[in-house]
Amino acid sequence: MNDQHIASAFDRDLEKIQAQIMKMGGLVENAILEAAVSLEERDEERAEQVRRSDKVIDALEESINEEAARVIALRAPAAIDLRVVLSVIKVSGNLERIGDYAKNLAKRTSILARMEPVNGSASSLRRMAKEVERMLNDALDAYVSRDAELAQNVIDRDILVDQMYNALFREFLTFMMENPSNITSCMHLHFIAKNIERMGDHVTSIAEQVVYIVTGTMPEEAREKSNTTL
């Protein structure tokens, strides 16, 4: 009877933490999209809202990690239950980093809003950010439903984000060579593209945690990166 009570308490604790993960994930998804829209529309007020929202994301990560540590200390989970709790810490860390990249994108928006736009590049970056947001949405769905197949699909799709980054990198180089006055703005745009590409890597890490929870092992081989600019 006591074991059942402990198990029930653990389940309640886990549900509470995972609800926080989903709340954090929703805020991060919104930050990605809002940062990309603020860049395309040169909306400094919207960019500032993204920067402010990052404090809420950071606070959630801290709360999640504290709660996970408490559960480990009080419930002493074993085997698969411990895997789940440890994955919570890693997922929240990945979400926090994605939020940081969105904040960095918003910071550069304020700079780029004062420069001449570069041939529709902001629209291309928004499409890239939207793809990462879709991946994150699916990764979080896979996390909640323990769907390893959907998680693997997310991992496989990261190659598309890499390809989009590679294309933008070549495009920015062309713009800079054709017109040296584009160099400063293209450098900022390149850093934004790199930040979005790194967001995709962190989403992939979340999906890998789902595979780990379900199977007990991480994906056997690291996905070969399609980033050819290094």
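In table form, for the structure just shown:
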quantity	calculated
Pairwise Cα inverse-distance average, inverted: Kirkwood Rh of the range 92-166 (Å)	14.0
Over the range 50-134 - Rg/Rh using Cα atoms and the Kirkwood inverse-distance radius	1.18
Net charge of neighbours whose Cβ lies under 15 Å from the Cβ of ARG114, counting Lys and Arg as +1 and Asp and Glu as -1	-3
Extension gain from THR215 to SER63, taking 0.36 nm per residue of separation minus the Cα-Cα distance	52.0 nm
Principal-axis tilt of helix 183-215 within the chain, Cα atoms, nearest 10 degrees	20
Carbon plus sulfur fraction of accessible area for the range 1-130, probe 1.4 Å, in percent	50
Burial ranking of peptide ranges 38-51, 65-78, 201-214 (average Cβ count within 10 Å, highest at the top)	201-214, 38-51, 65-78
D_trans [Stokes-Einstein, Kirkwood Rh over alpha-carbon pairs] for the chain, 10 °C, 1.306 mPa s, µm² s⁻¹	85
Helix 79-112 axis, angle to the chain major axis (alpha carbon atoms, nearest 10°)	20
Hull-based mean projected area of the range 132-217, where the convex hull spans the alpha carbons, in square nanometres	5.4
Per residue, in Å², the accessible surface of the chain once ligands and nucleic acids are set aside, probe 1.4 Å	49
Rounded accessible area of PHE175 (nearest 10 Å², 1.4 Å probe)	30
Neighbour net charge for ASN65 - beta-carbon separation under 13 angstrom, K R +1, D E -1	-4
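The values are calculated or read from the model by the stated rules, or taken from the named source; none is laboratory data. All of these numbers come straight from a predicted model, not from anything done at the bench. Glycine gets a Cβ as well: all are built from the backbone with ideal geometry, and neighbour counts include every protein chain shown. What goes into the accessible areas is simple: the full protein's heavy atoms, side chains included, and nothing from ligands, DNA or RNA. Shrake-Rupley method; radii C 1.70, N 1.55, O 1.52, S 1.80 Å.
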